[in-house]
1. Place a point 7 Å from the Cα of residue 86 along the Cα-to-Cβ direction; which residues of region 113-147 have their backbone N under 15 Å from it?
2. Given points 7 Å out from each Cα along the Cα-Cβ axis, report the residue 76 to residue 183 separation in nanometres with one decimal.
3. Given 0.36 nm per residue, what is the gain on full extension from residue 149 to residue 174 after removing their alpha carbon distance, in nm?
4. Relative contact order for region 62-190: what is it in percent, counting Cα pairs under 8 Å that are at least 6 residues apart?
5. How would you rank 129, 167, going from fewest to most other Cβ atoms within 10 Å of each one's own Cβ?
């Protein structure tokens, strides 16, 4: 199975004019994006490439199909996991993983101290706030399930996402739009 990278390595020697059999091992290690990759695909379809893409293209399509099936399983498992928590445990879990300010922003709480009070059972969050925390936990478990580290998952929540119109997933979840965020997770998993 080829390793998927987001871009071609620096100094990649192969283009449509210089494609050779010596490039085949490298070609299997990269995800084909960008002008050099486009040139390879054009060369392959014109018949001037040495055939490096034949196996890779087939494997890539199989990989994408498998990833899509895997993502649906990950989402179902994440939904189950999110509902295993009681509200105080949920607040604590998210505060540990995403940070109190992010959880406060997600739930519309006036202060990160509210998250601490929920965690310590000194206050009870409203139902809509619990729902937002469950949605966030589901997304977090989904991201973990597709292979993101804790740090990357936290950053994903607070980063501008092109699938969401360059809004942060935490803000979209705060608006109650779980479906759009799940679509962004699916997109991230199949890239």
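1. Under 15 Å, as judged by backbone N against the label point of residue 86, lie 118-125 of region 113-147.
2. 2.3 nm
3. Length difference between fully extended and current span is 6.7 nm.
4. Taking the mean separation of contacting Cα pairs over the length of region 62-190, I get 28 percent.
5. Ordered from fewest to most neighbouring Cβ atoms within 10 Å, 129, 167 come out as 167, 129.
Laboratory data are not the source of any read-out in this text; all were calculated from the coordinates shown. Worth saying up front: this structure is predicted, and the values here are computed from it rather than measured. Glycine also receives a Cβ, built like all others from the backbone with ideal geometry; neighbour counts cover every protein chain displayed.
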